[in-house]
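Laboratory data are not the source of any read-out in this text; all were calculated from the coordinates shown. Model, not experiment: these values are computed from the prediction. A quick note on method: Cβ atoms are made from the backbone with ideal geometry, for glycine too, and the neighbour counts reach across all protein chains shown.
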Amino acid sequence: MLKVKIETVHRVKWSDLERFATEVYGLDDYNFCCVQECGNDSQHRFIAHDTLSQTDKREADAIRTTKQVPSYRNALLIDMLCTDGHMGEGTYLVEVCW
């Protein structure tokens, strides 16, 4: 028998994550794929944490203020959503397909 590990993974469509984060934080022109620099038919795994480091807290405040998510900061945005109580901790698989 092949040894496997069973885990819980929350699957979400990139467009649903975009819509949700935009509603929660009032983001301007948030585009998951541009921030992640990813292509079609891809999946991106993130671990949502309910705490932020001091550096991440400063960057999260900047996102809240500027309404912009910098390149490669989707993981921080997901942590923000978790820390702020909008989603639970855990593994999230963001699926991109258009």
Quiz item: Exactly one of (1) within 13 Å of Y25 (Cα to Cα); (2) of a type in the set (V, I, T); (3) surrounded by fewer than 18 Cβ atoms within 10 Å (Cβ to Cβ) is unmet by I47. Its number?
Solution: (1)
Exercise. Scan segment 58-75 for residues that are touching a Pro at 6+ places or on another chain (Cβ under 9 Å) and touching a residue at least 24 places away in the same chain (Cβ under 8 Å) and report the count.
Key: 1
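In segment 81-97, what count of residues is obtained for those that are part of a loop (DSSP other than H, G, I, E, B) and over 21 Å from E59 (Cα atoms)?
Final tally of qualifying residues: 1.
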Exercise. Among the candidates Y25, Y92, Y30, single out the residue that is surrounded by 14 or more Cβ atoms within 10 Å (Cβ to Cβ), in contact (Cβ under 8 Å) with a residue 60 or more places away in the chain and hydroxyl-bearing (S, T, Y).
Key: Y92
Self-check item: Selection count where residues are under 17 Å from E89 (Cα atoms) and in contact with a strand residue (DSSP E or B) (Cβ under 7 Å, 6 or more places away or on another chain), scope segment 17-70
Solution: 6
Quiz item: Within segment 4-28, can you find the residues that are over 17 Å from I47 (Cα atoms) and among the hydroxyl-bearing types (S, T, Y)?
Solution: S15, T22, Y25
Practice problem: Could you list all residues from segment 1-33 that are of a type in the set (D, E, K, R) and part of a strand (DSSP E or B)? | Solution: R11, K13
Quiz item: Looking at this structure, is M87 in contact with a Leu (Cβ under 7 Å, 6 or more places away or on another chain) and of a type outside the set (G, A, S)?
Solution: yes
Quiz item: R45 versus (1) within 16 Å of C97 (Cα to Cα); (2) part of a helix (DSSP H, G or I): which is the lone unmet condition?
Solution: (2)
